[in-house]
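Accompanying notes for the structure given below.
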Amino acid sequence: MSHNQKPILFLASWYPTPQNNNHGIFIKNHALALSKFLPVIVVYAYSSNNANQTTIKKNKQGNFEEWILEYKKVGSTISLISSLIKYKRFKKAYATLLNELKTNHISINAIQLNTVFPAAIVLPLFKNHFKVPHSIVEHWSGYLPEDGNYKGFLQTYFTEKAVASASKLFYVSEKQKNAMLDNGLNGDYELIYNVVNTSVFYENKNNKSQKPLLLHVSSLVEKEKNINGTLNVIQKLQKANYQFDFLIVGGQETTISKYKQKVNELGLISVTFVGEKTQLEVATYMQQAHALILFSNYEGMPVVVLEALATGLPVFASKVGQLPNLITDDLGKLVSVGDENEMTNYLADFLDGKIIFDSQKMIDFVSKNASQEIVGKKLADFYTAVCSSTNLVNSTN
């Protein structure tokens, strides 16, 4: 790879921060994967109560760079004035990042818009300066009717503009793509897998818990993740005298407290909440566990499922998002959304030893579809082709 190659600029709506190191981790994973083949600079601005002044922190690892700006958060008052201040601070933050790129004489080959909104608001700033094509990798499930959060003038206006001019629309589930099309967001769509860092998520049979351990990893957002339904399944299994531990990773303390109360109301035992954890800690829990449960109401392509498979962990989940196209009987079991009896029966059969999985098939699946090398090369091949055609057009003008 030539050291003179111009980077791909990642413009992110979500990205890990010191306050939430798993927020948008799949976007960072895509950037790291692409950086194996092409230089990448990620720019991201976020608001925080801790920020007394606007600061840009830079991190460089080989071909991968992060330029992260933290700025003062607007108070939580809901008003037109408050919304306007938030909008202006957001745009000013990204203008500051753009000025920093200019000051450092950075030129780029293309922009990747990661999760369209709200970063689409500032996409024109970067497009007007760099005069390069952009693509989109959309992770958001808000277009789905089950979610229903694709609404409001600002969101629909900037999303439509960004999508209309995108050279490619990478999506993470067929249902997501169809929902976007139903909302009139037409374009050149292509499926892309989320990335698993297999140097972190790998099988370690020596770590496996002796007592059966069932695992759930998520944000614990009830509307999406159906934690109450999951706890009902755990109750059914315990009432049938199955012996196992249930470990729940993720969620803020206020959310966890609510579910702890639910656990007490249901009379559950051996249920543990551990809160937010790092990638390394999540990987260790997966190595210890015997199965992952993701009884969601809707999803895209949950990276936690791919991470579980990379550690040889079978997945028991709902038929949502891309999972019906991903999880075969070699990798786990899928149930109808909200069908607690079906989920209970599959888990009971698994705990009884009636369902047996080959962990190597799971590991091979991730290696062939979701590794840094596979996904990174797919993105790199796309940008190489786009940049070549762009340069050809420019040379003939």
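The values are calculated or read from the model by the stated rules, or taken from the named source; none is laboratory data. It should be emphasised that the depicted structure is a prediction, and the values quoted were computed from it without experimental measurement. Cβ placement follows ideal geometry from the backbone for every residue including glycine, while neighbour counts extend to all protein chains displayed. Please note that ligands, DNA and RNA were not included when accessible areas were found on the heavy atoms of the full protein model with its side chains. Shrake-Rupley method; radii C 1.70, N 1.55, O 1.52, S 1.80 Å.
Summary table
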quantity: Only one of Glu281, Glu265 that is under 21 Å from Pro212 (Cα atoms) and of a type outside the set (A, V, I, L, M, F, W, C); calculated: Glu281
quantity: Qualifying positions in region 221-255 - within 20 Å of Met301 (Cα to Cα), out of contact with any helix residue (DSSP H, G or I) (no Cβ under 7 Å at 6 or more places or on another chain) and not β-branched (Val, Ile, Thr); calculated: Lys223, Glu224, Lys225, Asn226, Gly250, Gly251
quantity: Check on Ser141, in contact (Cβ under 8 Å) with a residue 40 or more places away in the chain, farther than 18 Å from Ile41 by Cα, buried (at least 21 other Cβ atoms within 10 Å of the Cβ) and small (Gly, Ala, Ser); calculated: yes
quantity: Inter-residue pairs, beta-carbon under 9 Å, first of a type outside the set (Phe, Trp, Tyr) and in region 327-343, second at pLDDT below 95, 6+ apart; calculated: Val337/Glu146
quantity: Residues located in region 11-21, provided they are open to solvent by 40 Å² or more (accessible area, probe 1.4 Å) and closer than 15 Å to Asn114 by Cβ; calculated: Trp14
quantity: Residue list for region 356-374, restricted to those being of a type in the set (Asp, Glu) and either assigned to a loop (DSSP other than H, G, I, E, B) or open to solvent by 70 Å² or more (accessible area, probe 1.4 Å) (or both); calculated: Asp358, Glu373
quantity: Check on Phe117, open to solvent by less than 30 Å² (accessible area, probe 1.4 Å), touching a residue at least 24 places away in the same chain (Cβ under 8 Å) and not small (Gly, Ala, Ser); calculated: no
quantity: Looking only at region 160-188, and only at residues there that are open to solvent by less than 40 Å² (accessible area, probe 1.4 Å) and in contact with a helix residue (DSSP H, G or I) (Cβ under 6 Å, 6 or more places away or on another chain), the one that is farthest from Lys127 (Cα to Cα); calculated: Tyr171
quantity: Qualifying position, being in a helix (DSSP H, G or I) and closer than 18 Å to Asp147 by Cβ, among Gln238, Gln176; calculated: Gln176
quantity: Elements of type strands (runs of 3 or more DSSP E) in region 26-100, at least 2 residues being under 21 Å from the mean Cα position of the chain (by Cα); calculated: 40-48, 64-72
quantity: Lone qualifier among Gly338, Gly353 - being open to solvent by less than 50 Å² (accessible area, probe 1.4 Å), in contact with a Ser or Thr (Cβ under 9 Å, 6 or more places away or on another chain), small (Gly, Ala, Ser) and modelled with pLDDT of 95 or more; calculated: Gly338
quantity: For Ser296: the one exception among (1) among the hydroxyl-bearing types (Ser, Thr, Tyr); (2) open to solvent by less than 50 Å² (accessible area, probe 1.4 Å); (3) assigned to a helix (DSSP H, G or I); calculated: (3)
quantity: Any pair with Cβ under 8 angstrom, 6 or more apart, that starts in region 191-204 at a residue that is closer than 15 Å to Asp364 by Cα and ends at one that is hydrophobic (A, V, I, L, M, F, W, C) and assigned to a loop (DSSP other than H, G, I, E, B); calculated: Tyr193/Val172; Tyr193/Met301; Tyr193/Ala370; Val195/Ala370; Val196/Ala370
quantity: Scope region 264-291; condition more than 30 Å from Glu203 (Cα to Cα) and either in contact with a Ser or Thr (Cβ under 9 Å, 6 or more places away or on another chain) or not in a helix (DSSP H, G or I) (or both); matching residues; calculated: Gly267
quantity: Residue match in region 252-263 (condition: under 17 Å from Val200 (Cα atoms), open to solvent by 10 Å² or more (accessible area, probe 1.4 Å), in a helix (DSSP H, G or I) and out of contact with any Gly (no Cβ under 9 Å at 6 or more places or on another chain)); calculated: no
quantity: Extreme residue, farthest from the chain's Cα centre (by Cα), among residues of region 313-346 that are closer than 18 Å to Phe244 by Cβ and of a type in the set (Gly, Ala, Ser); calculated: Gly332
quantity: Residues being open to solvent by less than 20 Å² (accessible area, probe 1.4 Å) and of a type outside the set (D, E, K, R) - total across region 144-156; calculated: 1
quantity: Residues of region 219-241 that turn out to be open to solvent by 20 Å² or more (accessible area, probe 1.4 Å) and touching a Lys or Arg at 6+ places or on another chain (Cβ under 8 Å), as a count; calculated: 2
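Table: residues versus (1) aliphatic (A, V, I, L, M); (2) under 22 Å from Leu313 (Cα atoms); (3) open to solvent by 10 Å² or more (accessible area, probe 1.4 Å); (4) in contact (Cβ under 8 Å) with a residue 24 or more places away in the chain.
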{"position": "Leu214", "(1), (2), (3), (4)": "yes, yes, no, yes"}
{"position": "Val217", "(1), (2), (3), (4)": "yes, yes, yes, yes"}
{"position": "Gly250", "(1), (2), (3), (4)": "no, yes, no, yes"}
{"position": "Phe273", "(1), (2), (3), (4)": "no, yes, yes, yes"}
{"position": "Ala289", "(1), (2), (3), (4)": "yes, yes, no, yes"}
